[in-house]
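Report on the structure given below.
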Amino acid sequence: MADVSHGTVFKGAGVVGGIRYARAVWISSRPELPEAGAVIAEEVREHEQARFDTAAEIVADRLLARSEVASGAAAEVLKATAGMVNDRGWRKAVAKGVRQGHPAEYAVVAATDKFIVMFEKAGGIIAERTTDLRDIRDRVIAELRGEPEPGLPDVEGQVILFADDLSPADTAALDTDLFVGLVTELGGPTSHTAIIARQLNVPCIVAAGRTISTIESGTKVLIDGSLGTIVLDADEADALAQVEESIEQAARIAEWRGPAQTSDGHRVQLLANVQDGATSQTAADTEAEGIGLFRTELCFLSATEEPSVEEQAHIYSQVLEAFPESKVVVRTLDAGSDKPVPFTSMPDEMNPALGVRGLRIARENTGLMTRQLDAVAKAATDLGRGYEAPTWVMAPMVATADEAKWFAELCRERGLIAGAMVEVPAVALMADKIMPHLDFVSIGTNDLTQYAMAADRMSPELAYLTDPWQPAVLRLIKMTCDEGQRQDVPVGICGEAAADPLLAVVLTGFGVNSLSAASSALAAVGAQLAEVDLGTCRKAAEVALDSEGAAEARDAVRAILRAAADSR
Ligand code: PEP
Ligand code: MG
């Protein structure tokens, strides 16, 4: 943990843990964008179009060449970025601008702006892709002008890279021996910067806000990718000791092997969050004991027509296949809000996060739900999954006992084990009435926090509220766990909270049965649990619940863990 007792502290969202101390260096500036106004003569427009086509091809080819030498998510992202340069819609929009007489540079800006507006309107995951759009715009403009490609600076020695936002192409090309940490003003936990930083395992903080632009290149900074803190003027000896401890901890995590249990043998199932066959396969190569959240809607973000039962069953079986002998929890479509699924034809709403999303869509369109459940049941049956490899299904955004009962009946008619997500606070408050209808529940702490704190989970300004350490959220989780124990209904956690090793100690103290997170986060959680006994977890849970705020809760739990470690 970064010692924040001295020095100036900036705060962002920590997306890859680890402490590093090095010089800050800002990414090279982006090309200045042309203004509207200039008009080119009709006879040179064809030539202007050819200039653009050549520049776009060079940029796309360069990205593709880089994708061939990269691997995993980095390769995928580079390929996808090259695909954006070749996107027919974007290129048509540029061509239209040129036909109307805009110089190619300005036509690129105008076309990109149009797409940025569309992406921002879609919100959520799609809105986070605007970084990629701006990146291809800047690369093509630099190429048109014969300027060097914008991006990573040449550096000597280790540095922490600062940027307003990092393009996927820059992040994927990082030499992690030199760039030992990343900090961005913008971006979000699901942005490409975060995804690739996770793959590269470089400590990373996003959404740190405009104020970090006051940090000059060359300034020594201490970053903590778990806490999201950036400290200036840290005591050098102290900072280096923290870095060493962090690197040792990383080694302990790398060595950790499951199944997860506390030092006195209390078991907690560690499961993976996945979105398709590929992520499920990746999870199977980790210590994950199964899948705790398969976000099915992410398979269909660009599907304009509902896939048939057979097509859906095929997609689901790719996920199930990776865990032929373990539990898999499939979540039915959580369409709406930040995850628009075109074929569900959602209404335009003023407040989509509070609107018709998740299970609510299926109340109006039952066929959407029954066909999806048929597909899950078909995939499970075709693969011969049974008692040893149970297929659990849960609905997102359940708010009432009536909804839980309705959903559970549909599942049981198809031989599926029925659960609900606890992400609407009403469900935690009404757990005594809702749980009797269900076989299990899984707490979605991302939305539970958003709704309990009345704070948009995508808002960087409200990150201090959308923090699952908020005691109000912890109390809702505790209520759910208590009721689960009373009724013998398993309670899991599948929001980002499950990926926070320190919070995992508290959740274990509450008595959760499973923790499900991105598979890359599981070893850190398992290694942390192995260092504490159940009594310490319970004490940690007690002090966190009794805290006044999120920061106090974290500090109190850290103090408990330090005291427990000192007494060993
Ligand atoms: C959650 O809300 O915590 C959750 C796991 O669902 P999602 O993040 O997909 O909304
Ligand atoms: Mg949710």
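The values are calculated or read from the model by the stated rules, or taken from the named source; none is laboratory data. Every value quoted in this text rests on a predicted model; they were computed, and no experiment measured them. We place every Cβ from the backbone using ideal geometry, glycine too, and count neighbours over all the protein chains shown. We work out accessible area using only protein heavy atoms, side chains counted, and drop any ligands, DNA or RNA first. Shrake-Rupley method; radii C 1.70, N 1.55, O 1.52, S 1.80 Å.
Given the options V221, V206, V202, name the one that is at pLDDT 95 or above and either open to solvent by less than 50 Å² (accessible area, probe 1.4 Å) or on the phi > 0 side of the Ramachandran plot (or both).
So the residue among V221, V206, V202 that is at pLDDT 95 or above and either open to solvent by less than 50 Å² (accessible area, probe 1.4 Å) or on the phi > 0 side of the Ramachandran plot (or both) is V221.
Answer yes or no: is there a residue in region 109-122 that is among the acidic types (D, E) and over 30 Å from A250 (Cβ atoms).
Within region 109-122 (the criterion being among the acidic types (D, E) and over 30 Å from A250 (Cβ atoms)), the answer is yes, since at least one residue qualifies.
Does region 297-331 hold any residues that are under 20 Å from T344 (Cα atoms) and among the charged types (D, E, K, R), and which are they?
Passing the criteria: E297, E305, E306, E310, E311, R331.
Being part of a loop (DSSP other than H, G, I, E, B) and surrounded by 18 or more Cβ atoms within 10 Å (Cβ to Cβ) is the filter here; which residues of region 150-163 pass it?
Answer for region 150-163, where residues must be part of a loop (DSSP other than H, G, I, E, B) and surrounded by 18 or more Cβ atoms within 10 Å (Cβ to Cβ): P150, G151, L152.
Are any of the residues in region 312-323 in contact (Cβ under 8 Å) with a residue 40 or more places away in the chain, surrounded by fewer than 22 Cβ atoms within 10 Å (Cβ to Cβ), assigned by TED's automatic domain parsing to the domain that holds Q281 and in contact with a Leu (Cβ under 8 Å, 6 or more places away or on another chain)?
yes
Look at A420 and say whether it is among the small types (G, A, S), over 18 Å from T296 (Cβ atoms) and either open to solvent by 10 Å² or more (accessible area, probe 1.4 Å) or touching a residue at least 24 places away in the same chain (Cβ under 8 Å) (or both).
It is false that A420 is among the small types (G, A, S), over 18 Å from T296 (Cβ atoms) and either open to solvent by 10 Å² or more (accessible area, probe 1.4 Å) or touching a residue at least 24 places away in the same chain (Cβ under 8 Å) (or both).
Per-residue answers, yes or no, for (1) closer than 29 Å to F510 by Cβ; (2) in a helix (DSSP H, G or I):
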{"residue": "D170", "(1), (2)": "no, yes"}
{"residue": "D175", "(1), (2)": "no, no"}
{"residue": "V183", "(1), (2)": "no, no"}
{"residue": "G218", "(1), (2)": "no, no"}
{"residue": "I223", "(1), (2)": "no, no"}
{"residue": "A237", "(1), (2)": "no, yes"}
{"residue": "A250", "(1), (2)": "yes, yes"}
{"residue": "I253", "(1), (2)": "yes, yes"}
{"residue": "D264", "(1), (2)": "yes, no"}
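For region 405-415, check the following and say yes or no: at least one residue is in a loop (DSSP other than H, G, I, E, B), in contact (Cβ under 8 Å) with a residue 40 or more places away in the chain and within 16 Å of ligand 1 (Cβ to nearest atom).
Checked region 405-415: no residue is in a loop (DSSP other than H, G, I, E, B), in contact (Cβ under 8 Å) with a residue 40 or more places away in the chain and within 16 Å of ligand 1 (Cβ to nearest atom).
Considering only region 89-106, I want to know if a residue exists there that is of a type in the set (D, E, K, R), modelled with pLDDT of 85 or more and within 30 Å of A22 (Cβ to Cβ).
no
Name the single residue, out of those in region 468-499 being buried (at least 24 other Cβ atoms within 10 Å of the Cβ) and assigned to a loop (DSSP other than H, G, I, E, B), that is farthest from ligand 1 (Cβ to nearest atom).
The residue in question is P468.
Could you say which residue among E289, E297 is in the same structural domain as D500 (by TED's automatic domain parsing), assigned to a helix (DSSP H, G or I) and under 21 Å from the mean Cα position of the chain (by Cα)?
Sole residue among the options that is in the same structural domain as D500 (by TED's automatic domain parsing), assigned to a helix (DSSP H, G or I) and under 21 Å from the mean Cα position of the chain (by Cα): E297.
Assess whether L78 counts as being under 30 Å from E349 (Cβ atoms), of a type in the set (A, V, I, L, M), outside the structural domain of T282 (by TED's automatic domain parsing) and touching a residue at least 24 places away in the same chain (Cβ under 8 Å).
No: the conditions fail for L78.
What are the residue pairs meeting all of these: first residue in region 539-568, first residue part of a helix (DSSP H, G or I), second residue of a type in the set (S, T, Y) and open to solvent by 30 Å² or more (accessible area, probe 1.4 Å), Cβ atoms under 9 Å, and 6 or more apart or on different chains?
A550/Y464; A551/Y464
Looking only at region 516-538, how many residues end up being within 16 Å of ligand 2 (Cβ to nearest atom) and either open to solvent by less than 20 Å² (accessible area, probe 1.4 Å) or without any contact (Cβ under 8 Å) to a residue 40 or more places away in the chain (or both)?
2
Any residue at all in region 448-466 that's among the acidic types (D, E), closer than 20 Å to V393 by Cβ and either more than 12 Å from ligand 2 (Cβ to nearest atom) or in a helix (DSSP H, G or I) (or both)?
No, there is no match, as no residue in region 448-466 is among the acidic types (D, E), closer than 20 Å to V393 by Cβ and either more than 12 Å from ligand 2 (Cβ to nearest atom) or in a helix (DSSP H, G or I) (or both).
Quick check on E349: is it touching a Gly at 6+ places or on another chain (Cβ under 7 Å) and either surrounded by fewer than 15 Cβ atoms within 10 Å (Cβ to Cβ) or over 17 Å from A303 (Cβ atoms) (or both)?
In short, yes.
Applying the selection to region 378-390, what residues are under 13 Å from I315 (Cα atoms) and within 28 Å of the chain's Cα centre (by Cα)?
Once the filter is applied, which keeps residues that are under 13 Å from I315 (Cα atoms) and within 28 Å of the chain's Cα centre (by Cα), region 378-390 yields A379, A380.
Only residues in region 325-349 that are on the phi > 0 side of the Ramachandran plot count as the first member; pair them with residues that are part of a loop (DSSP other than H, G, I, E, B), Cβ under 7 angstrom, at least 6 apart or cross-chain, and list the lot.
Note: pairs meeting the criteria are G336/M346; G336/G355; G336/V356; G336/R357; G336/G358; S337/R357.
Tell me the residue from A497, A540, A544, A524 that is assigned by TED's automatic domain parsing to the domain that holds T449, within 14 Å of K478 (Cβ to Cβ), of a type outside the set (S, T, N, Q) and out of contact with any strand residue (DSSP E or B) (no Cβ under 7 Å at 6 or more places or on another chain), please.
After applying the criteria, what remains is A497.
Looking for whichever is crowded, with 16+ Cβ neighbours inside 10 Å and farther than 30 Å from A127 by Cα here; the options are E248, E244, E289. Which one fits?
E289
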